[in-house]
1. Would you check if there is a residue in the stretch 237-244 being under 22 Å from V195 (Cα atoms) and either within 16 Å of the ligand (Cβ to nearest atom) or touching a residue at least 24 places away in the same chain (Cβ under 8 Å) (or both)?
2. Tell me, please, whether a residue that is of a type in the set (S, T, Y) and surrounded by fewer than 20 Cβ atoms within 10 Å (Cβ to Cβ) can be found in the stretch 202-220.
3. Of the conditions (1) assigned to a helix (DSSP H, G or I); (2) surrounded by 20 or more Cβ atoms within 10 Å (Cβ to Cβ); (3) more than 16 Å from the ligand (Cβ to nearest atom), R129 fails just one. Which one is it?
4. Could you please give the count of residues in the stretch 196-219 that are within 16 Å of the ligand (Cβ to nearest atom) and hydroxyl-bearing (S, T, Y)?
5. Only residues that are of a type in the set (V, I, T) and under 12 Å from G263 (Cβ atoms): list them for the stretch 220-241, please.
6. Evaluate the following for L94: is it within 16 Å of the ligand (Cβ to nearest atom) and more than 22 Å from L196 (Cα to Cα)?
7. Please go through (1) outside any helix (DSSP H, G or I); (2) surrounded by fewer than 19 Cβ atoms within 10 Å (Cβ to Cβ); (3) at pLDDT below 95 for S87 and return the number of the only condition it doesn't satisfy.
8. M193 is checked against (1) touching a helix residue (DSSP H, G or I) at 6+ places or on another chain (Cβ under 9 Å); (2) among the hydrophobic types (A, V, I, L, M, F, W, C); (3) away from the ligand (no atom under 16 Å from the Cβ) and fails just one. What number does that condition carry?
Amino acid sequence: MNRRRFLASVPLALLYARAGQTLAQMPPSAGLRALADGKSFRFGSAIDAEDVNNPIASQLYIDNVNSITPRNELKWNATEKRPGVFSFGPADRLVAFARKNNMRVYGHTLVWYRTPDWVSAITDAETIRVAMNRHIKQVVTRYKRSIDAWDVVNEPLEYDAPDLRNCVFRRHLGDDYIRMSFDMAHEADPDAMLVLNETHLEKKSDVFEQKRARILKIVEDLVARKTPIGAVGLQSHFRPGLDRIDPERMGRFCATLKDMGVGVFITELDASCHFLNRDQSFTPVPYAEIFGDVITVAAERGDLKGATVWGMSEKYGELDEKDTHPGAACTKRVNLYDENNDPRSSIDGIKRAIEAM
Ligand code: XIL
């Protein structure tokens, strides 16, 4: 155990708390799983297939989460690279890891504009409908007993605009492809929670408010047609220095969904670092706020079904786009542990949010 981990032991944290110090000054906590389990809160992380072969990486998941989301292993590009030829090896290994450690598995994702070339090359409605149905049916049915929530449609809107993306599904089936996808997934597993996952719904900006409005409209239509949507996924990839959470408008969005009987899920929480140098006021402490506040707002205003971070440790994590942004403060996307596997204050933010539930 290294020094910082040792300092993170619970009794010491209590001492700090008694001394009246703020959470940000306290040593980081040991791991979030016990807390999440105690609150019956689904707390998860994205995971890569190779993580389960690495004892140090896998221990971080075991210590912290009761749910995992295969980061890429369930995407169409991974499961059906060629028409009708399915491969599930890496996804199966993650499902087995979850079972062994008594974790739930969140499925990501069934219908996304990023498809294998053979899908994007389809030119007519019937062929795409048949391909969609076969894909959804195969994947969802296979994991019926092990995956209980699915991002059915991922990123239906443009990244920085409130318009529906011109993906291959929409080109041939029209806007109704969203409803069709949900109905197909529901048919394959009537018990799974079905999610519509989108970017930027938690952030401040008029364009993102328009995205919220567009998503609400889509959900309203689904609900009106009795399409079984369980939640909207708020990806929550934050870019400190460039954008921030909008507690008021995000809160109203979550509350409106709740009024319609639809939950919210924080699905891909992380932070980039390549815009940091634009915000001179930023110090490492706000990571606690970035990671904590979005969960708190969702829990207080919406029907929060769970929260997932998009990676556990930067040591095994994904590169940020540093090259295109000279002077950026780090090279990896910010997770709960840094490149030395030392805990970050982001853990404290999440801890505070779950404790308050
Ligand atoms: C990303 C993964 O993190 C990368 O490893 C992969 O190369 C591309 O996809 N929104 C999503 C996720 O819904 O699937 C994306 O994941 C990140 C943005």
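1. The answer is yes; a qualifying residue exists.
2. There is at least one residue in the stretch 202-220 that is of a type in the set (S, T, Y) and surrounded by fewer than 20 Cβ atoms within 10 Å (Cβ to Cβ).
3. It is condition (2) that R129 fails.
4. 1
5. I229, V232
6. yes
7. Checking S87 against (1) outside any helix (DSSP H, G or I); (2) surrounded by fewer than 19 Cβ atoms within 10 Å (Cβ to Cβ); (3) at pLDDT below 95, the one that fails is (3).
8. Only one criterion in (1) touching a helix residue (DSSP H, G or I) at 6+ places or on another chain (Cβ under 9 Å); (2) among the hydrophobic types (A, V, I, L, M, F, W, C); (3) away from the ligand (no atom under 16 Å from the Cβ) is unmet by M193, namely (1).
The values are calculated or read from the model by the stated rules, or taken from the named source; none is laboratory data. In this text the structure is predicted, and so the values were computed from the model without any measurement. Using ideal geometry, Cβ is built from the backbone for each residue, glycine included, and neighbour counts are taken over all protein chains shown.
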